[in-house]
Structure formats: C-alpha cells, structure tokens
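To keep things clear, I will list the structure first and then write my remarks on it.
Since every read-out is calculated from the coordinates, none of them should be taken as a lab result. Since the structure is predicted, the reported quantities are computational estimates derived from the model, not experimental observations. A quick note on method: Cβ atoms are made from the backbone with ideal geometry, for glycine too, and the neighbour counts reach across all protein chains shown.
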Amino acid sequence: MLEDAAVLCMGGKIVSVGKSKDALRDPWIKKNRKKIREIDCNGKVVLPGFVDSHTHPVFMQPRLVDFEKRISGATYEEIGEAGGGIRSSLDGVRKATKSALTKKLLAAFKEMAIQGTTTIEAKSGYGLTLDSELKSLGAIRDAAQQWPGTIVPTLLGAHVVPNEYKTCYPKYVEIVCKEMIPAAARRKLAQFVDVFTERGAFSEEDTRKIFEAANQNGLDVRAHVCQLSGTPLQELLRFKPASFDHMDHVREQDLPTLARHNTIATLVPGANYFLNATGYPPARELIDAGVPVALATDYNPGSSPTPSMPFVMSLACTHMKMSPEETISASTINGAWALRLQDRKGSVEPGKDADLAVFDVPDYREIAYWFAANHCQMTIMNGEILPEA
Ligand SMILES: [Zn+2]
C-alpha cells in the first residue's frame with residue numbers, strides 16, 4: 001500500500017507509480033504539467049480496476065419466474081428439471097439478433113464498470129446451437145470493440161445439454177468438440193473454452209474430451225467444477241486449466257495438488273447468496289493450503305444477477321472469512337491470473353494497462369465493509385475515463 005501516492009498514465013499504460021511529492025519534483029512532469037490531466041484523489045483509495053473473471057452476460061431476460069418459484073421453496077435443480085434454469089434462457093438468445101445481444105452486453109459492462117470493474121471475462125452458453133453460440137460470441141466481440149475496458153471471450157457451449165439432445169447426449173458433446181470449438185477458434189471468437197462439469201450437466205469424461213478439442217484448436221481451458229458435488233480434479237489438471245470455478249465442494253485430497261499448479265480457484269459467492277445455498281466456498285481451506293483464490297461475480301440471470309465486485313468482496317469477508325486485503329488481491333491480480341492476463345492487468349505497476357478504480361472512501365477496508373453501496377467514483381479503463389461514473 002502506498003500512501004500519498006501518484007500514478008502517471010500515458011497512452012493507455014501506467015508509466016510511473018510513486019509518492020506524490022516525488023512526482024511533483026520529477027523534471028519531465030514539471031515541464032509537461034500543463035499537458036497532463038490531473039485527477040485529485042486526495043482522501044480516496046485508488047485500486048487496480050477489478051478483474052471479473054467469471055460472467056455470463058449474453059442473455060436477454062431476467063429469470064423472474066424461477067426467482068419466485070425458488071422463493072416458494074423449489075431448488076435450483078428442481079427448477080432446471082421443470083424446464084426453468086439455463087434452458088429457459090435459450091429461447092431468448094436463439095431468437096435475438098446479434099445487435100440486440102450486443103446492446104444488452106454493453107449495458108451490463110457499464111453496470112460493472114460503474115462499480116470498478118475494468119476487465120470482464122464474458123461467456124457464451126445460452127444459445128447451445130452452433131449458430132447461436134457463434135452469434136453470442138460475435139455479440140461479445142462487437143460489444144468489446146465498442147467498449148474501452150478489456151473483454152475476454154469464452155465459449156461455454158458445454159453449459160447444459162439442450163432438450164433436443166437429451167436422449168442422445170453424446171451427440172451434443174460431439175457438436176461442441178467438432179463444430180463449436182473449431183468454428184470459434186477459426187474465427188478467433190474465443191480465448192477460452194469452459195465446461196460445466198456437474199451431475200445433470202457434463203461428466204469428467206465429457207470435460208476431458210472437450211478440453212482435448214480446445215487444446216487441439218489452440219484454445220485455453222477453464223471449468224465450472226465442484227458446485228454441487230466434489231469433482232475429482234487430478235485428471236483435469238493435465239490440461240492446465242487457467243481456472244477452476246465455484247469449488248464449493250472441492251475434495252480435501254485435491255488441495256495439495258492444486259497448490260502445486262497455476263490453476264486459480266475462482267470463487268463466486270454471489271451464487272451461494274442468491275440460491276440461498278447451505279454454505280459458502282471454502283476460501284480459508286483453499287488459501288491456507290496454498291491455492292491462489294480469485295473472486296468473481298458469476299453475473300448471470302439464474303444464479304447470480306449482480307454486477308458488483310464490492311458486494312462479492314463483502315460476501316467473501318462476512319461469509320468466507322477472507323480479510324479485506326485478501327479480497328482485493330482476489331478481485332484484481334488473482335483474477336488477472338485466472339484470465340492469463342497477469343502481465344497486463346490486476347496491479348498498479350509501470351508497464352501495465354491503465355486500469356484504475358477510484359473509491360470515495362479514506363480506507364481500503366471500507367470497500368468490502370459497506371454492502372449494497374457503491375463507493376466507486378471513477379473508473380479508468382485502458383486510460384479512458386468512464387464519463388458516467
Ligand atoms: Zn458460471
């Protein structure tokens with residue numbers, strides 16, 4: 001932590017970080033001071049912009065029927081079996097035009113940026129046909145081109161098995177491996193391939209097949225694991241996933257192996273909160289075992305409709321016993337590692353992208369302390385200031 005600090009940015013990059021008094025004595029700054037736009041952050045906290053490394057923003061409608069059903073007692077799995085859940089978002093995305101999806105994406109990115117997020121991983125996964133997955137990724141690309149922040153696209157064709165393949169589900173895995181992944185790679189529409197590895201979704205064997213196809217097509221991998229049950233992780237680590245996400249039911253015997261790998265454990269407690277799960281991800285066990293932990297919103301219409309990294313940090317402090325410092329690392333540099341962007345994102349260092357979030361609080365601990373409040377006053381993305389913030 002630097003007190004009385006100054007950050008000099010130029011051309012979308014951070015070029016210098018130090019004490020304000022040293023910056024003011026710098027001959028180059030003295031000479032060029034009139035040309036520099038100064039932002040007074042006196043009494044405020046400046047952080048690296050948040051890296052939200054797990055979001056599902058390509059959807060059209062909130063899932064209000066599911067919301068009410070759950071309030072009256074149905075479980076997430078029961079709602080899914082009754083035709084709600086992920087499958088109920090498919091219709092909206094399949095029927096939507098790419099430009100309608102792009103518009104929705106830009107609105108979501110803005111909501112996230114207003115709360116300090118500068119880098120967003122965005123997954124497809126509510127189309128689940130070749131065309132609608134490519135359309136979703138195309139919308140992510142179009143939105144990314146119009147957005148000053150950084151967007152990392154992920155193909156999540158293996159989100160659930162759509163109804164039309166329920167009786168011949170190996171055929172769907174084949175479509176993911178032989179059609180979706182090669183097409184997304186060929187058109188450079190995705191950096192990662194993700195799989196929802198869970199009972200009722202895709203098995204470990206399916207996941208291995210999908211990871212293999214991703215690697216063959218030059219794409220990196222990540223997976224949703226251990227959300228509802230303890231997926232064995234050893235075999236999957238062979239594919240060097242950038243991240244394993246959820247991790248609620250991670251098996252104790254997998255912790256030492258995980259600690260030896262570069263795979264980040266990305267925890268998304270917004271989903272536990274919204275689904276009123278019986279517990280929260282075991283952040284302490286992971287951290288104490290030496291596993292690097294990231295936090296993300298899991299922004300999506302079914303299980304975590306929040307754009308707010310500060311709210312997720314609050315959950316991590318109050319329900320997962322992470323310290324405020326740990327939640328900041330988990331939301332910045334560890335999120336960057338989870339997207340393989342650690343050289344460009346996640347910390348305020350010379351040479352990195354000029355991604356900063358300014359908070360109107362005198363103490364960094366207040367960011368996770370207040371909840372359902374937004375103290376982010378300004379967001380700077382690749383050197384560009386979000387005007388509306
Ligand atoms: Zn997810």
Kirkwood Rh, Cα atoms: Rg over Rh of segment 281-354: 0.99
Extension reserve of the ARG33-LEU228 stretch, reckoned as 0.36 nm per residue once the Cα distance is removed: 64.6 nm
Relative pair counts by distance (%), Cα atoms of segment 68-131, 10 Å bins: 17, 36, 35, 12
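Can you check what the net charge comes to around LYS123, using other residues whose Cβ is under 11 Å from the Cβ of LYS123 (Lys, Arg +1; Asp, Glu -1)?
Numbers: positive: ARG222; negative: GLU121, GLU133, ASP194, ASP245, ASP298.
Every neighbour counted, the sum reads -4.
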Percent of alpha-carbon pairs separated by more than 18 Å within segment 212-254: 26 percent
Proximal aspartates and glutamates relative to LYS35, as straight alpha-carbon distance under 20 Å, when same-chain residues fewer than 8 apart are discounted: ASP22, ASP26, GLU384
For VAL15, distant residues with modelled amide H under 5 Å away: LEU8, CYS9, MET10, GLY351
0 to 90° range, to nearest 10: angle between helix 130-145 axis and the chain longest Cα axis: 10 degrees
Helix axis angle, 98-114 relative to the chain longest principal axis, alpha carbon, degrees: 50 degrees
All lysines inside 20 Å of LYS352 as judged from Cα atoms, apart from same-chain residues fewer than 8 positions distant: LYS13, LYS19
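If the chain between LYS240 and SER99 were fully stretched, how many nm would it gain, using 0.36 nm times the residue separation less the Cα-Cα distance? Each step should come with its number before you reach the end.
On the way: separation 141, 0.36 × 141 = 50.76 nm, distance 3.46 nm.
Answer, rounded to one decimal: 47.3 nm.
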Nearest-ten-degree value, helix 309-320 long axis tilted from longest Cα axis of the chain: 70 degrees
Pairwise label distance in nanometres, ARG208 with PHE371, each label 7 Å out on the Cα-Cβ vector: 4.1 nm
D_trans [Stokes-Einstein, Kirkwood Rh over alpha-carbon pairs] for the chain, 20 °C, 1.002 mPa s, µm² s⁻¹: 101 µm²/s
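Mean residue ellipticity at 222 nm from the helices of the chain, using -39,500 (n - 2.57) per DSSP H segment of n ≥ 4 over the full residue count, to the nearest 500 deg cm²/dmol? Please report the intermediate quantities before stating the final value.
Numbers: 18 runs with 147 residues, N = 389.
-10000 deg cm²/dmol, from helical runs alone.
Report the extension gain between TYR169 and LEU2 in nm, rounded to one decimal, defined as 0.36 nm multiplied by the number of residues separating them, less their alpha carbon distance. Don't skip to the answer; put the middle values down first.
Working: separation 167, 0.36 × 167 = 60.12 nm, distance 5.44 nm.
The span from TYR169 to LEU2 would gain 54.7 nm if fully extended.
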Charge tally in the Cβ shell below 12 Å around SER229, where Lys, Arg are +1 and Asp, Glu are -1, SER229 excluded: -2
Long-range HN-HN contacts of HIS224 with modeled amide H, under 5 Å: VAL195, PHE196, THR197, ASP245
Other-chain or far-sequence residues with amide H under 5 Å of HIS375's (modelled H): none
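Report, in listed order, any pair from LYS69/LYS321; LYS34/LYS345; LYS123/LYS240; LYS240/LYS345 with a Cα-Cα distance greater than 26 Å. Numbers along the way, then the final one.
On the way: LYS69/LYS321 31 Å; LYS34/LYS345 29 Å; LYS123/LYS240 19 Å; LYS240/LYS345 21 Å.
Violating the 26 Å Cα-Cα cut-off are LYS69/LYS321; LYS34/LYS345.
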